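Below is one structure, written out as structure tokens; comments come after it.
The values are calculated or read from the model by the stated rules, or taken from the named source; none is laboratory data. Every value quoted in this text rests on a predicted model; they were computed, and no experiment measured them. Methodologically, a virtual Cβ is constructed for each residue, glycine included, from the backbone with ideal geometry; neighbour enumeration extends over all protein chains shown. SASA here: full protein model, heavy atoms, side chains in, ligands and nucleic acids out. Shrake-Rupley method; radii C 1.70, N 1.55, O 1.52, S 1.80 Å.
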Amino acid sequence: KIIYTTNTIESYHNQLRKVTDRKGAFPNEMALYKLVYLRTLDIKKSWLRPVQNWGQVMNQLEILFSDRIATHLKF
């Protein structure tokens, strides 16, 4: 579940779409940019939450990709 980034990207796009669809029309392009920027700051706060079951995910990744994981992790 955590490996698939498309869910995260789709969620981000959906959240941006909610904000822009409600507005309807923008007076200029800069107004749209500001709205998207401010919404992105709000969305970004949720990305800082810890990932559930990260230990299990790492164990599975080490089993599947032990050669690749070892080069990127330094304990």
Q. Out of the residues in segment 33-55 that are assigned to a loop (DSSP other than H, G, I, E, B) and not hydrophobic (A, V, I, L, M, F, W, C), which is least open to solvent (accessible area, probe 1.4 Å)?
A. Asn53
Q: Give just the number: which of (1) part of a helix (DSSP H, G or I); (2) at pLDDT below 85 does Ile2 not satisfy?
A: (1)
**Q.** Residue that is assigned to a helix (DSSP H, G or I), surrounded by 10 or more Cβ atoms within 10 Å (Cβ to Cβ) and of a type outside the set (D, E, K, R), where the choices are Met58, Met30
**A.** Met58
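For residues in segment 14-27 being assigned to a helix (DSSP H, G or I) and modelled with pLDDT under 90, which is farthest from Met58 (Cα to Cα)?
Kept after step one, since they are assigned to a helix (DSSP H, G or I), are these residues of segment 14-27: 14-23.
If we keep only those that are modelled with pLDDT under 90 as well, we get 19-23.
On the way: Val19: 35, Thr20: 37, Asp21: 38, Arg22: 40, Lys23: 42 Å.
Result: Lys23.
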(Q) Quick test of your reading of the structure: Phe75 fulfils all but one of (1) at pLDDT below 85; (2) under 20 Å from the mean Cα position of the chain (by Cα). Name the failing condition by number. (A) (2)
